[in-house]
Amino acid sequence: MDVDALLTSLAEAAAGRVASALVADDEHTLEVSVAGAGRWVVRSWNREWTGGPDGVRCWHLIPAGGAAEVPSGRPDGWVHPVVGMLRPDLLPVWGRGEDDYEPIRVVEGLFGPAQVVLGRVGDDEAVGTLHLDARRWLCTALELPGQSWTMTQFTSP
């Protein structure tokens with residue numbers, strides 16, 4: 001499958017997705033949820049970000065004390081990177097205008113595209129890998145320089 005067809009399939013599958021997942025990085029596990037109309041929520045142990053048509057909001061979570069809204073410091077339209085685990089079309093890895101990475105090649109698996117080998121935009125050297133679940137069209141792991149995420153749990157009604 002070529003990259004354009006892959007990106008189209010990912011975007012079509014994710015557009016109406018209602019799901020949640022646990023995503024682990026080197027230090028934390030994050031909860032991520034997506035819903036229709038571009039709405040999403042990401043929660044860490046001390047922060048919660050929400051996004052959607054009304055913009056991005058952020059809260060500092062206070063154990064046994066609620067939450068206090070804090071400036072998100074993010075522009076409207078920003079999407080937390082781990083949302084891309086459930087909506088891979090939103091990851092900054094497709095070589096679009098503001099993306100830092102672009103596909104070098106797509107590796108086919110038994111059920112369809114299994115991995116996308118990534119390089120920095122304009123460079124053919126492999127520096128990362130996007131692992132896909134081709135049956136559900138979502139990202140199961142993303143490895144980039146200095147950052148890696150792995151989906152450890154997926155739930156969809």
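Here, each number is a calculation from the coordinates, and none is a lab measurement. On a predicted model such as this, the values are computed, not experimentally measured, just so you know. Don't worry about glycine lacking a Cβ; one is built from the backbone with ideal geometry, like all the others, and counts go over all protein chains shown.
Tabulated values for the structure
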quantity	calculated
Per-residue [θ]222 nm for the chain (sum of -39500 (n - 2.57) over DSSP H runs n ≥ 4, rounded to 500)	-2500 deg cm²/dmol
Mean shadow area of segment 51-157, taken as a quarter of the surface of its Cα convex hull (nm²)	9.2 nm²
Efficiency of FRET between Arg43 and Asp100 - r from beta-carbon atoms, R0 35 angstrom, step 0.05	0.90
Neighbour-limited loop hits for GluC sites (Glu not before Pro), segment 1-104 (at most 10 other Cβ within 10 Å; DSSP other than H, G, I, E, B)	Glu27, Glu98
Net charge over other residues, Cβ less than 10 angstrom from the Cβ of Gln147 (K, R count +1; D, E count -1)	-3
20 Å cut-off, amide nitrogen to a point 7 angstrom out along Ala64 Cα→Cβ, residues in segment 29-55	45-47
Extension gain from Gln153 to His28, taking 0.36 nm per residue of separation minus the Cα-Cα distance	43.6 nm
